[in-house]
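One structure is given here, and the rest of the page talks about it.
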Amino acid sequence: FVSEYQAIGVASWYGEPYHGRYTANGEVYDMEALTAAHPTLPLPSIVQVTNLANGRTLILRVNDRGPFVANRLIDLSQAAARELDFERQGLAEVQVTYLGLAQLDDQPIRPGETRAYAMAQCVLPRPRALVC
């Protein structure tokens, strides 16, 4: 169980070849939603991602596993890369901060939407058991 996580590294993005396919947690990948893939964070999670070159920041739903390229920290949806202004470059140095578990039934936010993610209310009734 992750309570604190913050890392700096390289972000990439994925789009059309994966659009409409299932993510690691069973959601359908939408390249126009603000989502991400991370190798180790619990699914689904909420993270804050900041492009260190320009200071742009987004809150994203982590609903997939990846990236599967060495030396990459996180894969973002194409829409997230566009919002953080690195879609054309393909890569950006970012800071990723874990904010908490996402609710299972929440839908990913799309650019321009104003609603906020709700965090899951979880308890740890005994060691190694997470109930949400």
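We did not get these values from a lab; they are worked out from the coordinates using the rules stated. Not measured: the values here are computed from a predicted model. When we count neighbours, we look across all protein chains shown, and the Cβ atoms used for this are built from the backbone with ideal geometry, even at glycine.
Assorted remarks:
- Annotation: average projected area of the chain is 7.9 square nanometres, based on the convex hull of Cα atoms across all directions.
- The HN-Hα couplings worked out from phi for segment 65-72 by the Karplus form 6.51 cos²θ - 1.76 cosθ + 1.60 (θ = phi - 60°) are 9, x, x, 10, 10, 4, 6, 10 Hz, whole numbers, x standing for Gly and Pro.
- The packing ranking of peptides 90-97, 48-55, 60-67, highest mean first, is 60-67, 90-97, 48-55, where packing means the average number of other beta carbon atoms within 10 angstrom of each residue.
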